[in-house]
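*Asks:* Just passing along the structure, written as structure tokens.
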Amino acid sequence: MEGQTYSSMKFSHRYRNAASEFSLTPSRRTFLLVPALGLLPNPIESRVTLPPAQRPITRVLLGGDVMLARYVGALARQRADPAWPLRNVADLFSSADIAFVNLEAPFSDRGRKVESGMVFKAEPEMIESLRVAGIDIVSTANNHARDCGRYGIEFTLDWLQKNGVETVGTAPTAELAHAGTILERNQVGFGFLAYTYDQSNGNHADQDDRVAMMDVDAMTADVESLLKRTDLVIVSMHAGTEYQQTPNAQQRKFARAAIDAGATVVVGHHPHVTQPVEAYAKGVIFYSLGNLAFDQFQRKETQLGLIADLRFSGKRLAGYGVIPVEIIRTVPRIVKT
Ligand SMILES: [Zn+2]
């Protein structure tokens, strides 16, 4: 089935409709309760605990590329505030039940500080950005995953874990990288998987299988297997053509295949600019959220990003929309509409 494409402007309206819908209509559970009571042999003696009129709404916020090295790190050091890059959006992300971003630079405690170039390294103290913003889970599967070598992959996983941030897309073994990560909120299991189109950025000739690569068959098997252990799946996809505002064939094929496999949401990043949101089959695809914290000043489009705002009622996606941000000197700020 072909999906429909919406611009982000239309999308915010769509979101408001969905939001009012789930606050006014009774939940599916309320409807189911009535015939169930009728079947009880002796209603007087039975002790029925009525379910709440509405299931709790779980809010999931998804952000794009967060790069805590280079000039982003330098500016934070100038201010003596390693949480500086996400401070303006910290209240918003902290208010969510689950907050996710793509972590575009590995952490490492080895070597000199990186303030320029295309090989990234975030100083360990920059973890404060994620902590202050209440980021629960990051994707580490991207084209900079190996910028600090094998050590960088391991240090990053370890450092995030020690600081209470879950990871998805890279893992100590290939098997674990494809197993996904489950976060439970309001008694619903939110499963995450993450993949990248490239893991080397031209720096490595070999392949590290601890970084999950985009392969439709492998991803389909991963989604199906994760759905046996959890209620719903969100797939992170690091792909696309840089600075292009339309998704390429690889993005479309992979994202739609993820929904076809049973995922509810696909969240894309890497192009450094935003791309359309697509309602496809029973799911939604955010092809590219653009940058969230980055030091790309060469064009206006790289300084505008989106935060995907999802609301789940139980495991059902009840509404979604986008929150636009503008990035001023590497730091995102919510655009008031
Ligand atoms: Zn990238």
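The values are calculated or read from the model by the stated rules, or taken from the named source; none is laboratory data. Since the model is a prediction, treat every value here as computed from it, not as a measurement. Every residue, glycine among them, receives a Cβ derived from its backbone with ideal geometry; neighbour counts consider all protein chains shown.
*Asks:* Go through (1) part of a loop (DSSP other than H, G, I, E, B); (2) under 18 Å from the mean Cα position of the chain (by Cα); (3) among the acidic types (Asp, Glu) for Asp222 and report which single condition fails.
*Replies:* (1)
*Asks:* What are the residues in segment 53-67 that are part of a strand (DSSP E or B), of a type in the set (Gly, Ala, Ser) and surrounded by fewer than 24 Cβ atoms within 10 Å (Cβ to Cβ), if any?
*Replies:* Of everything in segment 53-67, nothing turns out to be part of a strand (DSSP E or B), of a type in the set (Gly, Ala, Ser) and surrounded by fewer than 24 Cβ atoms within 10 Å (Cβ to Cβ).
The rows are residues; the columns are (1) buried (at least 16 other Cβ atoms within 10 Å of the Cβ); (2) under 17 Å from Ile98 (Cα atoms); (3) away from the ligand (no atom under 16 Å from the Cβ).
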residue	(1), (2), (3)
Trp159	yes, no, yes
Lys162	no, no, yes
Thr173	no, no, yes
Ala194	yes, yes, no
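*Asks:* Kindly indicate whether Asp109 is farther than 27 Å from Val266 by Cβ and acidic (Asp, Glu). Please lay out each step first, then the result.
*Replies:* Working: farther than 27 Å from Val266 by Cβ: yes; acidic (Asp, Glu): yes.
Yes: the conditions hold for Asp109.
*Asks:* Do any residues in segment 223-245 that are within 10 Å of Gly262 (Cα to Cα) and free of Cβ contacts under 8 Å to residues at least 12 places away in the same chain have Cβ atoms under 8 Å from those of residues that are surrounded by 20 or more Cβ atoms within 10 Å (Cβ to Cβ) and polar (S, T, N, Q), where the two are at least six apart or on different chains, and which pairs are they?
*Replies:* So the pair list comes out empty.
*Asks:* Still on this structure: Residues of segment 271-297 being part of a loop (DSSP other than H, G, I, E, B) and either among the aliphatic types (A, V, I, L, M) or surrounded by 24 or more Cβ atoms within 10 Å (Cβ to Cβ) (or both), which ones? Please lay out each step first, then the result.
*Replies:* Keep residues of segment 271-297 that are part of a loop (DSSP other than H, G, I, E, B), which gives 271-273, 275-276, 281-282, 287-288, 290, 294-297.
Of everything in segment 271-297, those that are part of a loop (DSSP other than H, G, I, E, B) and either among the aliphatic types (A, V, I, L, M) or surrounded by 24 or more Cβ atoms within 10 Å (Cβ to Cβ) (or both) turn out to be Pro271, His272, Val273, Gln275, Ala281, Tyr287, Ser288, Gly290, Phe294.
*Asks:* Then there's this: Taking segment 140-193 as the region of interest, how many residues are touching a residue at least 12 places away in the same chain (Cβ under 8 Å), in a helix (DSSP H, G or I) and acidic (Asp, Glu)?
*Replies:* Within segment 140-193, residues that are touching a residue at least 12 places away in the same chain (Cβ under 8 Å), in a helix (DSSP H, G or I) and acidic (Asp, Glu) number 1.
*Asks:* May I pose another question? Can you tell me which condition Thr140 does not meet? The list is (1) under 19 Å from Val265 (Cβ atoms); (2) out of contact with any helix residue (DSSP H, G or I) (no Cβ under 7 Å at 6 or more places or on another chain), and all the others hold.
*Replies:* Going through (1) under 19 Å from Val265 (Cβ atoms); (2) out of contact with any helix residue (DSSP H, G or I) (no Cβ under 7 Å at 6 or more places or on another chain) one by one, Thr140 breaks only (2).
*Asks:* Looking only at segment 205-215, filter to residues that are surrounded by 13 or more Cβ atoms within 10 Å (Cβ to Cβ) and in a loop (DSSP other than H, G, I, E, B); which one of those is nearest to the ligand (Cβ to nearest atom)?
*Replies:* Initially, segment 205-215 is screened for residues surrounded by 13 or more Cβ atoms within 10 Å (Cβ to Cβ), giving 208-215.
Filter again for in a loop (DSSP other than H, G, I, E, B), leaving 208-210, 212, 214-215.
On the way: Asp208: 16, Asp209: 19, Arg210: 18, Ala212: 14, Met214: 13, Asp215: 18 Å.
Looking at residues that are surrounded by 13 or more Cβ atoms within 10 Å (Cβ to Cβ) and in a loop (DSSP other than H, G, I, E, B), I get Met214.
*Asks:* Right, another one. Taking only segment 138-151 into account, find how many residues are out of contact with any His (no Cβ under 8 Å at 6 or more places or on another chain) and buried (at least 24 other Cβ atoms within 10 Å of the Cβ). Write out each step before concluding.
*Replies:* Quick first cut of segment 138-151, residues out of contact with any His (no Cβ under 8 Å at 6 or more places or on another chain) only: 138, 140, 144-145, 147-151.
Checking which are buried (at least 24 other Cβ atoms within 10 Å of the Cβ) leaves us with 138, 140, 144-145, 147-148.
Residues that pass the stated criteria total 6.
*Asks:* Just one of Gly314, Gly319 is over 17 Å from the mean Cα position of the chain (by Cα) and touching a residue at least 12 places away in the same chain (Cβ under 8 Å); which is it? Reasoning before the result, please.
*Replies:* Details: Gly319 fails: over 17 Å from the mean Cα position of the chain (by Cα).
Exactly one residue qualifies, and that residue is Gly314.
*Asks:* Working only within segment 224-244, note down all residues that are within 16 Å of the ligand (Cβ to nearest atom) and surrounded by fewer than 23 Cβ atoms within 10 Å (Cβ to Cβ). Lay out the reasoning, then the answer.
*Replies:* Residues of segment 224-244 that are within 16 Å of the ligand (Cβ to nearest atom), as a first pass: 236-244.
Matches in segment 224-244: Thr241, Glu242, Tyr243, Gln244.
*Asks:* In contact with a Ser or Thr (Cβ under 7 Å, 6 or more places away or on another chain), at pLDDT 95 or above and not polar (S, T, N, Q): is that true of Glu175 in this structure? Show your work before the answer.
*Replies:* Numbers: in contact with a Ser or Thr (Cβ under 7 Å, 6 or more places away or on another chain): no; at pLDDT 95 or above: yes; not polar (S, T, N, Q): yes.
Against the criterion (in contact with a Ser or Thr (Cβ under 7 Å, 6 or more places away or on another chain), at pLDDT 95 or above and not polar (S, T, N, Q)), Glu175 does not qualify.
*Asks:* Restricting attention to segment 101-133, report how many residues are out of contact with any His (no Cβ under 7 Å at 6 or more places or on another chain), under 13 Å from Leu292 (Cβ atoms) and within 16 Å of the ligand (Cβ to nearest atom).
*Replies:* Of the residues in that region, 2 qualify.
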